[in-house]
Amino acid sequence: MYLKSLNEKIRCMLLLICLILLLQTFLMNQAVGAEISPDRVRKSLVRILCTTQSPDYQTPWNPGRIGRGVGSGFIISDSRIMTNAHVVSNAKFIHVDKDGDSKKYAAEVLFIAHDCDLAILTVKNHGFFNGTEVLSTGGIPEMHSNVTAFGYPIGGDRMSVTRGVVSRIEFRIYSHSGLDSHLTIQIDAAINPGNSGGPVIQNGRVIGVAFQGYSGAVAQNTGYMIPVPVMNRFLKDIEDGKYDGYVELGIHYLNLQNPSYREKLNFKSETGNGVVITEVVKAASAGGKLKIGDVLLKIDGHSISSDGHIVLDGEYVQLEEVVERKFHGDRVTFSLLRDGKLISVVVELKGAWPYSILANKYNVRPEFIMFAGYLFQPLDRNFLNAYKSKDLDLNYHYSHFVKNELYLERPQIVVLSSIMPDPVNSYGSEFVNSIIDEINGIKIKSLRDVAEVFGKKSEFYVVKFLNSGKPLIIEERLVDAAQTRIKNQYNVFEDSYINHSN
């Protein structure tokens, strides 16, 4: 009798141990996330193979060089695939495939957002989506929690799994545009070429899109993902069939953590909150609404700490995150201190076009005019990247275009970028990298102005440059013959292109 009772106790203990082990396994799978059902991820994951053609800004009449790349994506609805914008930028042909299907399917871009590095693709042959599965999205993961990244790194044919831990949640510049800063999540898992566009998963839900990382020479096993709030904003923006892009508040502010500076401003606050505005961009949303010296205390009811952060959805984020989640025409309300008085200011949000020259451009032709072998082009980031010019005047006009409101006088900064040598332009080399001020007394505010002046017959074209007393003289009677000769000599099949939709 005693032995029977003992055996029953042992069986109960063994059963209890088994239940505990099963529970531990379940909780571990929950923490790791995607291991709950790897087949579900496999049925959603897509490999993207893209043929691109990148413009050549030094010979802008040429179509550019051909390139090829591999990225990842995942299915977010019955016929849509999410990936990174940089995976399909400058694309000429895209095809996709999936695990377990040897066939390659032609795909096309439905929407692309270069400012937040996201894109939506579709496949016209809906047979591609047979047997696939849509993954649901989650939220912002907790710090130090486990995540898993999926993709096709280094051009591999089979799905790759990389695990990591959330190590940082912050605003960071997205390298694709080189300008725009959005919320990012850093994980200690390497994001390699080919991983881009793949899902990062926790608890069976997508909590981000893998999109950039460091080279091994900079940091080991460090990658970044685009979090769900950025993904959701992109999807919301395109609901009307077009992508409008992010709004620009257009302010710079200084943290008020320094007690001495707070004393100088005669700003007394028991909570120690608030930041002071140091710059307002007139072309952006805050222009005419906020002022230099305003002390921002709250944004849409969220208290602003002295380091510029707020608590939003339980996360400690920069105050810009409130604006990040809004759209063109939306409003944001500030509680602020101005001239010692507590007031409320409502700002209607919009974009700010002057920032566009500071960002990398994709899927657009470079604008130019070639006249008598002189190449005229607008200054922007692509231009500087192509020519790698260290000219101080060019770099000043580029970097201060928005800050010093240079766009008010010249919406486009037109540069004499290079010369195709010919007898007609033998004496013009000293003017290369110079900014055009006026031609025949007409102020040059854009490349269109250059085209209009050169389109009018004149005995001489007198080109004057900023910060130079010397003019460039082009004799009209020599231009036609020189233009034909130069185009034949240098294989220039088109002597101008201006994007009239700008």
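The values are calculated or read from the model by the stated rules, or taken from the named source; none is laboratory data. Note that the coordinates shown come from a computational prediction; the quantities given were computed from them, not determined experimentally. In this analysis, Cβ positions are derived from the backbone assuming ideal geometry, glycine residues included, and neighbour counts consider all displayed protein chains.
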Seminar exercise, completed: The one condition Ser102 fails out of (1) in contact with a Ser or Thr (Cβ under 8 Å, 6 or more places away or on another chain); (2) small (Gly, Ala, Ser); (3) farther than 23 Å from Gly178 by Cβ is (1)
Problem set entry | Failed item in (1) closer than 21 Å to Tyr497 by Cβ; (2) in contact with a Pro (Cβ under 8 Å, 6 or more places away or on another chain); (3) not hydroxyl-bearing (Ser, Thr, Tyr), with Leu384 passing the rest | (2)
For this session: Determine which single condition Phe234 fails, assuming it passes every other condition in (1) closer than 24 Å to Arg42 by Cα; (2) crowded, with 18+ Cβ neighbours inside 10 Å.
Result: (1)
For this session: Could you tell me which residue of segment 64-82 is surrounded by the fewest Cβ atoms within 10 Å (Cβ to Cβ), considering only residues that are out of contact with any Gly (no Cβ under 9 Å at 6 or more places or on another chain) and among the β-branched types (Val, Ile, Thr)?
Result: Ile66
For this session: Kindly indicate the residue of segment 139-163 that is within 24 Å of the chain's Cα centre (by Cα) and assigned to a strand (DSSP E or B) and also surrounded by the most Cβ atoms within 10 Å (Cβ to Cβ) among those meeting that condition.
Result: Gly151
Exercise. Quick check, is Ile238 of a type in the set (Val, Ile, Thr), modelled with pLDDT of 95 or more and farther than 17 Å from Glu321 by Cα?
Worked result: yes
For this session: Can you tell me which residue within segment 33-83, out of those that are among the acidic types (Asp, Glu) and out of contact with any helix residue (DSSP H, G or I) (no Cβ under 7 Å at 6 or more places or on another chain), is farthest from Gln377 (Cα to Cα)?
Result: Asp39
Exercise. In segment 150-168, which residues are among the hydrophobic types (A, V, I, L, M, F, W, C) and at pLDDT 90 or above?
Worked result: Phe150, Val165, Val166
Exercise. Among Leu319, Leu349, Leu336, Leu249, which is among the hydrophobic types (A, V, I, L, M, F, W, C) and over 23 Å from the mean Cα position of the chain (by Cα)?
Worked result: Leu336
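So which residues in segment 440-479 are basic (Lys, Arg) and more than 24 Å from Leu408 (Cα to Cα)? So that I can check it myself, show each step before the final result.
Narrowing segment 440-479 to residues basic (Lys, Arg): 443, 445, 448, 456-457, 464, 470, 477.
Lys456, Lys457, Lys470, Arg477, listed by residue number.
Any residue in segment 210-217 that is assigned to a loop (DSSP other than H, G, I, E, B), in contact with a helix residue (DSSP H, G or I) (Cβ under 6 Å, 6 or more places away or on another chain) and either closer than 22 Å to Leu45 by Cα or not assigned by TED's automatic domain parsing to the domain that holds Val280 (or both)? So that I can check it myself, show each step before the final result.
Of the residues in segment 210-217, the ones assigned to a loop (DSSP other than H, G, I, E, B) are 214-217.
Among the residues that remain, those that are also in contact with a helix residue (DSSP H, G or I) (Cβ under 6 Å, 6 or more places away or on another chain) are: none.
No: zero hits.
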Exercise. Among the numbered criteria (1) touching a residue at least 12 places away in the same chain (Cβ under 8 Å); (2) surrounded by fewer than 14 Cβ atoms within 10 Å (Cβ to Cβ), which single criterion is violated by Ala85?
Worked result: (2)
Exercise. Among the residues of segment 99-121, how many are crowded, with 18+ Cβ neighbours inside 10 Å, of a type outside the set (A, V, I, L, M, F, W, C) and touching a residue at least 24 places away in the same chain (Cβ under 8 Å)?
Worked result: 3
Problem set entry | Residue match in segment 124-136 (condition: closer than 26 Å to Val311 by Cα and aliphatic (A, V, I, L, M)) | no
Exercise. Among all residue pairs at least 6 apart or on different chains, which show Cβ distances below 6 Å where the first residue, located in segment 186-198, is more than 21 Å from Ser44 (Cβ to Cβ) and the second is part of a strand (DSSP E or B)?
Worked result: Gln186/Ser167; Gln186/Arg168; Gln186/Tyr224; Asp188/Gly164; Asp188/Val165; Asp188/Ser167; Ala190/Gly223
Exercise. Which of the following residues is surrounded by 13 or more Cβ atoms within 10 Å (Cβ to Cβ) and of a type in the set (S, T, N, Q): Asn255, Asn266?
Worked result: Asn255
Problem set entry | Residue that is surrounded by the most Cβ atoms within 10 Å (Cβ to Cβ) [pool: residues in segment 274-289 that are assigned to a loop (DSSP other than H, G, I, E, B) and more than 26 Å from the chain's Cα centre (by Cα)] | Gly274
For this session: Only one of these is assigned to a loop (DSSP other than H, G, I, E, B), small (Gly, Ala, Ser) and surrounded by fewer than 17 Cβ atoms within 10 Å (Cβ to Cβ): Ser175, Ser167, Ser196. Name it.
Result: Ser175
